[in-house]
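Notes follow the structure.
The values are calculated or read from the model by the stated rules, or taken from the named source; none is laboratory data. Worth saying up front: this structure is predicted, and the values here are computed from it rather than measured. All Cβ positions, even for glycine, are placed from backbone atoms using ideal geometry, and neighbour counts span all protein chains on display. We work out accessible area using only protein heavy atoms, side chains counted, and drop any ligands, DNA or RNA first. Shrake-Rupley method; radii C 1.70, N 1.55, O 1.52, S 1.80 Å.
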Amino acid sequence: MNESVKEYIDKYSPDIKELYIKLRTIIYDSISQEVEEKLWAKLPSYYVGDTFVRLIPFKDHINIEALAVLRYKGALDAYKITAKGMLQVYINQNVPSDKLEHIFKETLFE
């Protein structure tokens, strides 16, 4: 893990860190190209070229910023999607891994 991202995530609770690691792993597992992990505007971001996915941790959930989220809105009705099109995954929810793999793949290869 990128050192600056690790320092950023270490400020959060163990539950948020565990959720973050799951989401981060799904990003890396969903694509075969190399991903650049870095902080952008103090937010953990994952880039392939100019396209990106951001994982934005909060106290009890993580927002996922990815362009393809809205394409899967109907399949994610158990999850909140913000007005800005970010998917919110709470620590007490199951991670929709299969949907996220598609979202991350489509977002990073647009």
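Here the label points at I91 and L67, each 7 Å from Cα along the C-beta direction, are separated by 3.3 nm in the simple model. Charging the Cβ of each Asp and Glu at -1 and of each Lys and Arg at +1, and nothing else, the dipole of the chain about its Cα centre rounds to 380 debye. Under a crude label model (7 Å from the Cα following the beta-carbon direction), how far is E101 from K11 in nanometres? Inter-label distance under the simple model: 3.4 nm. The stretch between K22 and T82 holds 19.5 nm of extra length on full extension. This uses 0.36 nm per residue minus the Cα-Cα distance.
Accessible surface area normalised per residue over the chain is 57 Å², counting heavy atoms of protein chains with a 1.4 Å rolling probe. Overall, the accessible surface of the chain at a probe of 1.4 angstrom is composed of carbon and sulfur to the extent of 49 percent. Run the helix sum for the chain: -39,500 (n - 2.57) per DSSP H stretch of 4+ residues, divided by residue count, reported at 222 nm to the nearest 500 deg cm²/dmol. Estimated from H runs of four or more residues: -10000 deg cm²/dmol.
Starting from the coordinates of the alpha-carbon atoms of the chain, obtain the Kirkwood hydrodynamic radius over all distinct pairs and give the value in Å to one decimal.
On the way: mean 1/r = 0.0721 Å⁻¹.
Result for the chain stands at 13.9 Å.
Positive-end ranking of A83, M1, G49 along the dipole of the chain, with charges on Cβ about the Cα centre, is headed by A83.
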